[in-house]
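Worksheet: the structure to be examined is printed underneath.
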Amino acid sequence: MYDTIQTLHSYWAYLVLLILVLATFNALFKTFGDKEYEAKDFRISLFTLIVSHIQLLIGLILYFVSPRLSLFSESGMGEIMKDSVNRLYLVEHPLVNIIAVALITIGYSKHKKKLTSKAKLKTISIFYTIALVLFLSRIPWGTWMG
């Protein structure tokens, strides 16, 4: 079961990354290009929200079925924090990506309350860009691309 969920989490991450990059650059280009917010922009932002939340749920399931989770009781937090690989998988990756999904959620919610195209696009640009940077910073690149 763990291997199946891990594979799903890894492949779904490609979709999340692709859609988040699309949504972020779409909002940035339209913000700096002084373009109008359209229904397409709403759909892209919403789809980004949905796929990132699905990824979060898959990740949480993966976290709690992971054999690494037992390291908390076996070794303790101090030992986990000394080991960069365990620290990445048990602390940094989950925490930073939960924050990134929260930022996507906040950005999406805030942009809906804005009244002008510029304000809507600027809100999406800011929150989705920060979320993208956070996602990119905590992807286990060696494992993911290898």
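The values are calculated or read from the model by the stated rules, or taken from the named source; none is laboratory data. The model shown is predicted, which means the values in this text are computed figures rather than measured ones. Methodologically, a virtual Cβ is constructed for each residue, glycine included, from the backbone with ideal geometry; neighbour enumeration extends over all protein chains shown. Please note that ligands, DNA and RNA were not included when accessible areas were found on the heavy atoms of the full protein model with its side chains. Shrake-Rupley method; radii C 1.70, N 1.55, O 1.52, S 1.80 Å.
Side notes on the structure shown:
- For region 54-93: rounded, prolate or oblate by the Cα gyration tensor [a/c cutoff 1.5]: oblate
- For the pair residue 69 and residue 4, the difference between a 0.36 nm per residue extended length and the Cα-Cα distance amounts to 21.7 nm.
- Close Lys pairs in region 45-146 (alpha-carbon distance under 24 Å; sequence gap of 8 or more, or different chains): 7.
- Our summary gives the chain a relative contact order of 33 percent, counting only alpha carbon pairs under 8 angstrom and 6 or more residues apart.
- Cα centre as origin, Lys/Arg/Asp/Glu Cβ charges: the chain dipole, Debye: 780
- Convex hull volume per residue in cubic angstrom - Cα atoms of region 73-146: 95
- From the coordinates shown, Cα Rg over 2.2 N^0.38 Å corresponds to which of (1) 0.99; (2) 1.17; (3) 1.04: (2)
- Within the chain, helix-based [θ] at 222 nm, where runs of 4 or more DSSP H residues each add -39,500 (n - 2.57), nearest 500: -26500 deg cm²/dmol
- Surface composition of the chain: carbon plus sulfur atoms contribute 70% of the solvent-accessible area (1.4 Å probe, protein chains only, all chains present).
- Once the Cα atoms are used to define both axes, helix 93-113 deviates from the longest principal axis of the chain by about 20 degrees.
- Helix 2-32 vs. the chain, principal-axis angle (Cα, 0 to 90°, nearest 10): 30
- The chain: angle of helix 117-138 to the longest principal axis, Cα-based, in degrees nearest 10: 20
- Top of 82, 114, 122 by mean-square fluctuation, Gaussian network on the chain, Cα under 10 Å: 82
- Region 36-146, accessible area per residue, ligands and nucleic acids excluded (1.4 Å, Å²): 56
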